[in-house]
1. Does residue 150 satisfy the condition of being surrounded by fewer than 22 Cβ atoms within 10 Å (Cβ to Cβ), modelled with pLDDT of 95 or more and more than 12 Å from the chain's Cα centre (by Cα)?
2. Within region 103-133, how many residues turn out to be in contact (Cβ under 8 Å) with a residue 60 or more places away in the chain and more than 21 Å from residue 147 (Cα to Cα)?
3. Could you check region 32-65 and list, in sequence order, the residues that are touching a residue at least 40 places away in the same chain (Cβ under 8 Å) and either part of a helix (DSSP H, G or I) or over 25 Å from residue 94 (Cβ atoms) (or both)?
4. Any residue at all in region 183-204 that is surrounded by fewer than 17 Cβ atoms within 10 Å (Cβ to Cβ), closer than 25 Å to residue 72 by Cα, touching a helix residue (DSSP H, G or I) at 6+ places or on another chain (Cβ under 7 Å) and modelled with pLDDT under 90?
5. If you take just the helices (runs of 4 or more DSSP H) that sit entirely in region 75-172, which of them hold at least 1 residues that are under 21 Å from residue 62 (Cα atoms)?
């Protein structure tokens, strides 16, 4: 079949593009994520962190490990690190309703904690609009998620009218000069291999 198609078109057809849910993840990494989740439920944050980070050392494409590691940072109120983990998780799997909801919650927590006050004063409404977009994506992908619905209502109350347009690239993304640039270097980059940012390994970024 391939020989026939190559003769017809003059080239070999490209390999099929995998959907985010089809990105292969090392089974050992999945097992470590499950272990970390159990530790998290018993409030063993240190053990959970080690399990999630071990999973990422095995397979940096494990979106769930990035998401769960972000939850550890959020519990410790290290909001820039939590946001960086959620951003990486969504790079790998932009169809995760839970990760979008977590991203929205972390953005609101960042706003409430008044991290980077000058940045917040300049972009306050855009930050709220981005959090609102996260919750709306979560609801669209995951149905009636109570946390996402609650977050959406909080954002709507803060905006008191129609939200302004989203800033592109997104404020809480890894673009050069962005608010997460340092967190990416400190929290994400140590777990990346040279192949991890090849286009073929990643789904299309969220718009």
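1. yes
2. The number of residues fulfilling the criteria is 2.
3. To start, the set of residues in region 32-65 that are touching a residue at least 40 places away in the same chain (Cβ under 8 Å) comprises 53, 56-57, 60-61, 63.
Selection gives 53, 56, 57, 63.
4. Yes.
5. In region 75-172, the matching helices (runs of 4 or more DSSP H) lie at 79-92, 97-112, 117-142.
The values are calculated or read from the model by the stated rules, or taken from the named source; none is laboratory data. Not measured: the values here are computed from a predicted model. Positions of Cβ are generated from backbone atoms using ideal geometry, with glycine treated the same way; all protein chains shown enter the neighbour counts.
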